[in-house]
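Chemist: Please see the structure below; I have some questions.
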Amino acid sequence: MLMSNLVGDVSSSARVLPELHGEKLFIARGRGAYLWDEQGRRHIDTALGFGAVLLGHSRAAVLEPVARALQDAASPSWAHVREHPAATALAQFTGAMSKVMFTNSGSEAVHLACRAARAFTGRGRIAKMAAGFDGWFDEVTLGNVSTAEAAFADGARPATERTTVLRFNDFEDVERLFQEDRDIAAVVMEPMLANAGCIMAAPGYLRHVQDVARRHGALVIVDEVLMGFRLFAGLTSLREGLTPDIATVGKAIGNGVPVSAVVGRPEVLAGFERGTVLRGGTFSGNPMACAALLATLQCLRESDYEALAAKGDALRGFIEAEFARQGITVSTSGFGTVFSVWPCATAPRSYEEASRAASPAFSKALHLALREAGLLVMPSPYGRIYLSFDHDDEVLGEMKTAFAQAAARMAADFGSTAPARAKAIPASA
């Protein structure tokens, strides 16, 4: 396929994959747990729309109401019959954050949530987690994974006029932040530092951030674009005992159809209702998005999350054991439905540890070996493996076979070192 007019061959840089045998990968269609490329070859998918496709590709229960909405009118401009039911359905899962505003992407949702926090508090700066990904808009890209700012490279806290960062899982750094800066409108945090390789929050850390922020008059924004509805039908932060002021959700709530939302306490979002805070978006809350959300949430409400998590946990154990059998030390971090594979004995507990453990060459080699075996995973050292409800026992069996083949291939390619062959792989490719 010739892509002479498309910048970089993709519209989002996250889609870039290395060539295999000199060939680029272009996907033609997907169904269930599988994708088919333009040559008709079938691949098991574990990127799943970077977490958006939780039910499985092309689930009929979602596609049919979306098709009806498209036929009724794709963009009616005015209030339509699906928008209020969609907001009501979502609010059933979000506790005291009972007011809903729809957007089209997670990046838009975080941007709108930050605007809400600034308007409510009268303060100007947003604090985010170093190495966290809260969208690709300029303000919140400060401190993204692999940047000097994420590593606090010059020792000082990175900050711009509107954004600053703090170290994830560093209890004392939260206290220092508010001692240094009285202009913090809100802290944005994820239940798990997903885009840094599924770094788990230390016990009590998220509650600590919330308590310190509240003590200093700042709001708490939980970015659940990735984790919302991923572990159960609802928000992970609420299950962790948090009481956020605002949350952003997306991805899984539409099963791949573009839809996201800001949910918040009524008093925090009241400025939008009064018209004193700006919002817009031609396609925000469009009929197809609302139809997808309504259908997806109904399916997720009826889904067996516990069984899926158990399958994922078993797969994590198999991967670690199979690589160990080949003399390669790996570990995994995250949950059964979303996790990362690390070329080290203990999964990182901070971004500092993650940046030391990250091996682009290991991750690329794993990606290519698995792709050869019919399994698609992200090639990034901070990538994630997602499972959907269509990853049944048969698919999981195929995945185990692919990982076994990949472990054997990598052991043969890179030879033996102690304690981990992974360390024989060069740091860059």
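The values are calculated or read from the model by the stated rules, or taken from the named source; none is laboratory data. Everything numeric here is computed off the predicted structure, so don't read it as measured data. Heads up, the Cβs are rebuilt from the backbone with ideal geometry, glycines too, and the neighbour counts pull from every protein chain shown. These area figures cover heavy atoms from the full protein model, side chains too; ligands, DNA and RNA do not enter into them. Shrake-Rupley method; radii C 1.70, N 1.55, O 1.52, S 1.80 Å.
Chemist: From the set of residues in segment 123-135 that are closer than 18 Å to F178 by Cα and in a loop (DSSP other than H, G, I, E, B), which is least open to solvent (accessible area, probe 1.4 Å)? Quick ask: steps written out before the conclusion?
Modeler: To start, the set of residues in segment 123-135 that are closer than 18 Å to F178 by Cα comprises 123-130.
Subsequent filtering for residues that are in a loop (DSSP other than H, G, I, E, B) retains 123-124, 130.
On the way: R123: 61, G124: 21, A130: 4 Å².
That would be A130.
Chemist: Can you name every residue in segment 372-389 that is in contact with a strand residue (DSSP E or B) (Cβ under 7 Å, 6 or more places away or on another chain), surrounded by 21 or more Cβ atoms within 10 Å (Cβ to Cβ) and more than 20 Å from F133 (Cβ to Cβ)?
Modeler: L375, L376
Chemist: Right, here's the next one. Filter segment 136-148 down to the residues that are crowded, with 21+ Cβ neighbours inside 10 Å and either outside any helix (DSSP H, G or I) or modelled with pLDDT of 95 or more (or both) and list them by number. Write out each step before concluding.
Modeler: The initial filter retains those residues of segment 136-148 that are crowded, with 21+ Cβ neighbours inside 10 Å, namely 140, 143, 145.
Across segment 136-148, the qualifying residues are G143, V145.
Chemist: From the list L300, L293, exactly one residue is under 14 Å from A261 (Cα atoms), open to solvent by less than 40 Å² (accessible area, probe 1.4 Å) and in contact with a helix residue (DSSP H, G or I) (Cβ under 9 Å, 6 or more places away or on another chain). Which is it?
Modeler: On the way: L300 fails: under 14 Å from A261 (Cα atoms).
The conditions single out L293.
Chemist: Determine whether segment 109-122 contains at least one residue that is among the basic types (K, R), more than 23 Å from C198 (Cβ to Cβ) and not in a helix (DSSP H, G or I).
Modeler: Scanning segment 109-122, I find no residue that is among the basic types (K, R), more than 23 Å from C198 (Cβ to Cβ) and not in a helix (DSSP H, G or I), so the answer is no.
Chemist: Tally up the residues in segment 44-64 that are part of a loop (DSSP other than H, G, I, E, B) and not small (G, A, S), please. Outline the logic, then answer.
Modeler: Of all residues in segment 44-64, those part of a loop (DSSP other than H, G, I, E, B) come to 46-48, 52-56, 58-59.
Those left that are additionally not small (G, A, S): 46, 48, 53-55, 59.
Result for segment 44-64: 6.
Table: residues versus (1) among the hydroxyl-bearing types (S, T, Y); (2) within 17 Å of A247 (Cβ to Cβ); (3) in contact (Cβ under 8 Å) with a residue 40 or more places away in the chain.
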{"site": "T160", "(1), (2), (3)": "yes, no, no"}
{"site": "V165", "(1), (2), (3)": "no, no, no"}
{"site": "F178", "(1), (2), (3)": "no, no, yes"}
{"site": "I184", "(1), (2), (3)": "no, no, yes"}
{"site": "I199", "(1), (2), (3)": "no, no, yes"}
{"site": "G204", "(1), (2), (3)": "no, no, no"}
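Chemist: All but one of (1) of a type outside the set (F, W, Y); (2) open to solvent by 50 Å² or more (accessible area, probe 1.4 Å); (3) assigned to a helix (DSSP H, G or I) hold for L278; which doesn't?
Modeler: If we test L278 against (1) of a type outside the set (F, W, Y); (2) open to solvent by 50 Å² or more (accessible area, probe 1.4 Å); (3) assigned to a helix (DSSP H, G or I), just (3) comes out false.
Chemist: Surrounded by fewer than 21 Cβ atoms within 10 Å (Cβ to Cβ) and modelled with pLDDT of 95 or more: is that true of L396 in this structure?
Modeler: Values: surrounded by fewer than 21 Cβ atoms within 10 Å (Cβ to Cβ): yes; modelled with pLDDT of 95 or more: yes.
Taking the combined requirement at face value, the residue satisfies it.
Chemist: Might you check whether a residue that is touching a residue at least 12 places away in the same chain (Cβ under 8 Å), closer than 27 Å to A411 by Cβ and either part of a helix (DSSP H, G or I) or touching a Lys or Arg at 6+ places or on another chain (Cβ under 8 Å) (or both) occurs anywhere in segment 295-311?
Modeler: Yes: segment 295-311 contains one or more residues that are touching a residue at least 12 places away in the same chain (Cβ under 8 Å), closer than 27 Å to A411 by Cβ and either part of a helix (DSSP H, G or I) or touching a Lys or Arg at 6+ places or on another chain (Cβ under 8 Å) (or both).
Chemist: Which pairs turn up if I take residues in segment 271-293 that are farther than 14 Å from A73 by Cα and at pLDDT 95 or above and look for partners that are in a loop (DSSP other than H, G, I, E, B) and of a type in the set (K, R) with beta carbon separation below 6 Å, at least 6 apart in sequence or on another chain?
Modeler: Pairs that qualify, where the first residue is farther than 14 Å from A73 by Cα and at pLDDT 95 or above and the partner is in a loop (DSSP other than H, G, I, E, B) and of a type in the set (K, R), are F272/R279.
Chemist: Kindly indicate the residue of segment 65-102 that is in contact with a Gly (Cβ under 6 Å, 6 or more places away or on another chain) and not in a helix (DSSP H, G or I) and also farthest from V277 (Cα to Cα) among those meeting that condition.
Modeler: F93
Chemist: Here is a further query. Would you check which residues across segment 184-218 are more than 30 Å from L55 (Cβ to Cβ), open to solvent by 10 Å² or more (accessible area, probe 1.4 Å) and touching a helix residue (DSSP H, G or I) at 6+ places or on another chain (Cβ under 6 Å) and list them?
Modeler: Within segment 184-218, H208, H216 meet the criteria.
Chemist: Out of the residues in segment 27-51 that are of a type in the set (F, W, Y) and more than 19 Å from L231 (Cβ to Cβ), state the one that is most open to solvent (accessible area, probe 1.4 Å).
Modeler: Pass one, segment 27-51, residues of a type in the set (F, W, Y): 34, 36, 50.
Next, from what is left, pick out any that are more than 19 Å from L231 (Cβ to Cβ): 34, 36.
Numbers: Y34: 31, W36: 48 Å².
For segment 27-51, the residue satisfying everything is W36.
Chemist: Could you list, in sequence order, all residues of segment 149-183 that are open to solvent by 40 Å² or more (accessible area, probe 1.4 Å) and either among the aliphatic types (A, V, I, L, M) or outside any loop (DSSP other than H, G, I, E, B) (or both)?
Modeler: A151, A153, A156, A159, F171, E172, E175, R176, Q179, E180
Chemist: For S284, are the conditions met, namely being farther than 30 Å from Q39 by Cα, among the polar types (S, T, N, Q) and open to solvent by 20 Å² or more (accessible area, probe 1.4 Å)? Spell out how you get there, then give the answer.
Modeler: Details: farther than 30 Å from Q39 by Cα: yes; among the polar types (S, T, N, Q): yes; open to solvent by 20 Å² or more (accessible area, probe 1.4 Å): yes.
Yes; evaluated as a whole, the condition is true for this residue.
Chemist: Within segment 39-56, track down each residue that is modelled with pLDDT of 95 or more and closer than 20 Å to A373 by Cβ.
Modeler: Passing the criteria: G40, R41, R42, H43, I44, D45, T46, A47, L48.
Chemist: Which ones in segment 320-329 are crowded, with 22+ Cβ neighbours inside 10 Å and in a helix (DSSP H, G or I)? Outline the logic, then answer.
Modeler: From segment 320-329, those crowded, with 22+ Cβ neighbours inside 10 Å are 323, 328; that's our starting set.
Matches in segment 320-329: F323 only.
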